Amino acid sequence: MEEEEPGDRPVEWRPMTVKRVGIVGSGIMGAGVAECAAVAGFEVVLRSRSATTADAMLAGLEKSLDRQVEKGKMEDADRSAAIARVTATSDLHELADCDLVLESVVEDIAVKKHLFGELDRICADHTILATNTSTLPVVELAMETGRPEKVCGVHFFNPAPMMALVEVVRPLTAADETIAAAFEFAEACGKTPVEVTDRAGFIVNALLFPYLNNAVRLLENGVATRDDIDTAMKGGCGFPMGPFALLDLVGLDTSLAILDALYGEFRDPNYAAVPLLRRMVAAELFGRKSGQGFFDYRK
Ligand SMILES: NC(=O)c1ccc[n+]([C@@H]2O[C@H](COP(=O)([O-])OP(=O)(O)OC[C@H]3O[C@@H](n4cnc5c(N)ncnc54)[C@H](O)[C@@H]3O)[C@@H](O)[C@H]2O)c1
């Protein structure tokens, strides 16, 4: 058989429409996605609600890239180039000329709807508006805008620089070009995108959250200890971390919001948040980000 030369295959022409990316939200996911996009070569504008948190986000990104250099995973010049591509701001108007804006603010439909209305008024006509929501109806965000065909979900996983998957969420209103651009953005960030319909939880969280919720139920019912449940799921299923370590990583407040949205949509009792989880959120035991959740991170 003759070897295929690189020029033999027909070239599939796929325009890369996204060059400048806006990220709204400076929490766990906003910071992680900003890092992915900057390292991938996109110009990145990070928007946080205050100048202090915007600056802190930039400092956090520099620290994270420094660690990559120390570990020998990144060249110093690439680190400097990635940092030079990022600007931080507290002014939403600075996202006006972005090709794609990905919001990663708190998992609250009212907050996200308000934000999509604002972004629609501010951003250029061609801008794709995307959400990193884990569960909320993307179509409801699309309908807050005058460009529902240019709205979709681009769902990264935590920690974004490490996790390979992106779920591209197609609401009923999205144009094929929007989904194609989201795929190209995810691929350019080195991720593997999959397409999924706009249903609460998409693929991963629809399957993952009944498991996490039922782990809390086992603990609440005294079936086993926190450490034994984590050990069992690591050793018995080959998972890299147990359910309580994962809940702490995701954030208990975000996990509760995800379960409430899943239960609201499907009324499946597996999605009904276990009381212990709700009480821990009320006590502001949010996990790693607050210093304490199922584990204590303050030492
Ligand atoms: N944590 C995860 O594992 C994970 C994974 C994938 C997607 N997500 C999604 O990403 C989004 C952000 O989650 P996160 O884990 O980064 O949360 P987080 O709590 O770390 O950050 C939330 C961000 O929202 C901002 N915020 C809070 N209230 C706001 C308001 N009223 N207006 C504007 N901004 C506000 C906060 O200042 C913060 O920057 C959510 O939609 C979540 O479902 C989370």
Total residues in region 75-91, condition free of Cβ contacts under 8 Å to residues at least 12 places away in the same chain and outside any helix (DSSP H, G or I)
1
Identify, from the list Thr173, Thr192, the residue that is over 23 Å from Phe266 (Cβ atoms), in contact (Cβ under 8 Å) with a residue 12 or more places away in the chain, open to solvent by 20 Å² or more (accessible area, probe 1.4 Å) and among the polar types (S, T, N, Q).
Thr192
Only one of Ala40, Ala96, Ala77, Ala81 that is more than 25 Å from Phe183 (Cα to Cα), surrounded by fewer than 22 Cβ atoms within 10 Å (Cβ to Cβ) and aliphatic (A, V, I, L, M):
Ala77
Quick check: anything in region 199-222 surrounded by 15 or more Cβ atoms within 10 Å (Cβ to Cβ) and acidic (Asp, Glu)?
no
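Residue-by-condition table, conditions (1) over 18 Å from the mean Cα position of the chain (by Cα); (2) of a type outside the set (S, T, N, Q):
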{"site": "Asp78", "(1), (2)": "yes, yes"}
{"site": "Thr87", "(1), (2)": "yes, no"}
{"site": "Ser90", "(1), (2)": "yes, no"}
{"site": "Glu94", "(1), (2)": "yes, yes"}
{"site": "Asp99", "(1), (2)": "yes, yes"}
{"site": "Ser104", "(1), (2)": "no, no"}
{"site": "His114", "(1), (2)": "yes, yes"}
{"site": "Glu118", "(1), (2)": "yes, yes"}
Gly72 is checked against (1) part of a loop (DSSP other than H, G, I, E, B); (2) closer than 23 Å to Phe157 by Cα; (3) more than 11 Å from the ligand (Cβ to nearest atom) and fails just one. What number does that condition carry?
(2)
Taking into account only those residues within region 109-123 that are open to solvent by 30 Å² or more (accessible area, probe 1.4 Å), within 25 Å of Leu61 (Cβ to Cβ) and in contact (Cβ under 8 Å) with a residue 12 or more places away in the chain, which is nearest to the ligand (Cβ to nearest atom)?
Glu118
Taking the condition of being assigned to a strand (DSSP E or B) and open to solvent by 30 Å² or more (accessible area, probe 1.4 Å), how many residues in region 126-169 meet it?
1
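The values are calculated or read from the model by the stated rules, or taken from the named source; none is laboratory data. Since we're looking at a predicted model, the values are computed, not measured. Reconstructed Cβ throughout: ideal geometry from the backbone, glycine too, with neighbour counts over all protein chains shown. Only protein heavy atoms, including side chains, enter the accessible area calculation; ligands, DNA and RNA are left aside. Shrake-Rupley method; radii C 1.70, N 1.55, O 1.52, S 1.80 Å.
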